[in-house]
Amino acid sequence: MLDSVLIWVDKNRRRWLEDLQQWLAIPSVSTQQSHDADVAAAAEWAMFNLRGIGLTTELIPTARHPCVFATTPEGLCPPHAPHVLFYGHYDVQPAQIEDGWHTPPFKPTIKNGDLIARGASDDKGQVHAHLTALLAWREIASELPVRLTVLLEGEEEIGSLNLRTVIEQRISQLKSAQALIISDCNQFAPGVPAITCGLRGLMYYQIDVQGPVSDLHSGLFGGAVANPANALVEMLSRLHDGQGRVTVPGFYDDVASVDEALRQQWKELPFTDDQFAREAGITTPFGEAGYTTLERKWIRPTLDINGLWSGYQGPGAKTVLPARAGAKLSMRLVPNQDPQKIAAAFEAFVQQITPLGVTVNLTALGASPAALTPTDSPVMQAAAEALKIGFGQNPVYIREGGSIPVVGWFKEMLGVDAVMLGFGLPDDRIHGPNEKLNLECYYAGIRTAAALYDVLGHKLCGK
Ligand code: BES
Ligand code: MN
Ligand code: MN
């Protein structure tokens, strides 16, 4: 039966693509209130699509953006089919043509075999590959190979603020899930499909430094009044040492070590620093001494300034001692680091290094743990088989430096390990201008998903 489904998938490429283009045209930017109606419309669009597969849909409202929830009605799958949970997100990062887009971000455009649009790779395009595979199963076999629950959220790009609450509310429907499937990540390289076995966690802060009540003349007051911009950069400069290590006391205490054999395996992956530098648009890679580029991204915790502001920014000179300065900071966490513990250590350290004469205010803007999944489970094997069918190549096993907050929470709350198989490529420019999804990757993704649910149906049956 899978063969007929795969033939159907290939035969209807144009139809799937046109459908995806419709979804991508809805600017579901979760962080901007002006787009709230579009986020709602993208959720409705997904509901409509899921009903087309024959699933029963529900919109779960939250304090901000709704979750789309779909389940398999009786009769749409074999009676003892295994229960599989699929997670994805339908919200996207902001995008404006002025950011350097060559075509309007919400007018999906095909160029040189790529589909260019905000959300093409992260994550609507990848979610759509799964929905399409399920639709093909429905149309060809008239039933699905597994009992499916689909959970799509509209807040991933703003830290999944309300998702824990939704999972708690639906725990009775979710906890029987035998597998958790996510496609919100990448292949390792073109022609090298991958299974992502680990992600970093994330801890985000805003730091506000207050000096004098209002801006002052930097000649009349400079040197006699603490300058919040000076204070801020002094503090920020103390967060790393000369070896690229983070100086927050205890930051590395719980970091899981990685065995030598695994590090050796990673050294054999098709990766070079030169290629990486080219993709990043830099001349030479940088980072913590004693680690390779992949290790720095995958298994080492880091701290980065994400935004920085203070004082006069207009043309020419203005002699001013600013009243305020601020920064946004993110820390990427690795397995075994406890976000709460790191938060406490960071806050205490910031207090300790606050210079005299200014007040510092820290605002936590979200925290999520790293995730690590076992590589030898039946679900992992199913994913490997499916990628081989979909992409014609065996996958490599990798980790990623990015974060998907819910992966750690699903493990904690449902006890289920995510199996992450991405259809994107490292150069998809997600979050940046001209985000794209390669069409061949999209079609291979549909084939992979079609095969995956089939293999899972067989493998998990009776487990
Ligand atoms: N899909 C990405 C994360 C990702 C990309 C993982 C590529 C692996 C490979 C996700 O949408 C994302 O952007 N996550 C954010 C976290 C969030 C809390 C804003 C991130 O990693 O910054
Ligand atoms: Mn994503
Ligand atoms: Mn993203």
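The values are calculated or read from the model by the stated rules, or taken from the named source; none is laboratory data. Bear in mind that the values here come from a model prediction, so they are computed numbers and not experimental data. All Cβ positions, even for glycine, are placed from backbone atoms using ideal geometry, and neighbour counts span all protein chains on display. Each accessible area value is taken on the protein alone, full model and side chains, heavy atoms only, with ligands, DNA and RNA left out. Shrake-Rupley method; radii C 1.70, N 1.55, O 1.52, S 1.80 Å.
Of all residues in the range 82-121, those that are among the β-branched types (Val, Ile, Thr), over 21 Å from Thr132 (Cβ atoms) and in contact (Cβ under 8 Å) with a residue 12 or more places away in the chain total 1. Looking at the range 295-310, I want the residues that are more than 16 Å from Gln337 (Cα to Cα) and have a partner that is of a type in the set (Ser, Thr, Tyr) with Cβ atoms under 7 Å, at least 6 apart or on another chain. Which pairs are those? From residues that are more than 16 Å from Gln337 (Cα to Cα), the pairs are Asp304/Ser330; Asn306/Ser330. Filtering the range 417-440 to residues that are within 16 Å of ligand 2 (Cβ to nearest atom) and under 17 Å from Leu24 (Cα atoms) leaves Phe423, Gly424, Asp428, Arg429, Ile430, His431, Gly432, Glu435, Lys436, Leu437.
Starting from residues that are over 19 Å from Met420 (Cβ atoms) and not aliphatic (A, V, I, L, M), keep the ones in the range 80-94 and report whichever is nearest to ligand 1 (Cβ to nearest atom). Selected residue: Gln93.
If I filter the range 187-201 for residues that are among the polar types (S, T, N, Q), within 16 Å of ligand 3 (Cβ to nearest atom) and farther than 27 Å from Glu412 by Cα, do I get at least one hit? Taking every residue of the range 187-201 in turn, none turns out to be among the polar types (S, T, N, Q), within 16 Å of ligand 3 (Cβ to nearest atom) and farther than 27 Å from Glu412 by Cα. The set of residues from the range 137-151 being surrounded by 24 or more Cβ atoms within 10 Å (Cβ to Cβ) and either under 23 Å from Ala367 (Cβ atoms) or without any contact (Cβ under 8 Å) to a residue 24 or more places away in the chain (or both) comprises just one member, Leu151. Scanning the range 30-46 for residues being in a helix (DSSP H, G or I) and either under 19 Å from the mean Cα position of the chain (by Cα) or within 15 Å of His89 (Cβ to Cβ) (or both) gives a total of 8. From the list Ser183, Ser176, Ser160, the lone residue that is open to solvent by 30 Å² or more (accessible area, probe 1.4 Å) and either in the same structural domain as Thr363 (by TED's automatic domain parsing) or among the small types (Gly, Ala, Ser) (or both) is Ser176. May I ask you to list the residues in the range 259-290 that are open to solvent by less than 60 Å² (accessible area, probe 1.4 Å) and over 23 Å from the mean Cα position of the chain (by Cα)? Listed by number, the residues that qualify are Leu262, Arg263, Glu288, Ala289. Taken as a whole, the range 195-204 holds no residue that is touching an Asp or Glu at 6+ places or on another chain (Cβ under 8 Å), more than 13 Å from ligand 1 (Cβ to nearest atom) and in a strand (DSSP E or B). Considering the range 418-429, the residues that are touching a strand residue (DSSP E or B) at 6+ places or on another chain (Cβ under 7 Å) and open to solvent by 10 Å² or more (accessible area, probe 1.4 Å) include one that is nearest to Gln187 (Cα to Cα), namely Leu425. Comparison of Pro395, Pro378 shows that the only residue that is assigned by TED's automatic domain parsing to the domain that holds Cys185, touching a Leu at 6+ places or on another chain (Cβ under 6 Å) and at pLDDT 95 or above is Pro395. Going by the structure shown, is Gln351 surrounded by fewer than 14 Cβ atoms within 10 Å (Cβ to Cβ), more than 23 Å from the chain's Cα centre (by Cα) and not aliphatic (A, V, I, L, M)? It is true that Gln351 is surrounded by fewer than 14 Cβ atoms within 10 Å (Cβ to Cβ), more than 23 Å from the chain's Cα centre (by Cα) and not aliphatic (A, V, I, L, M).
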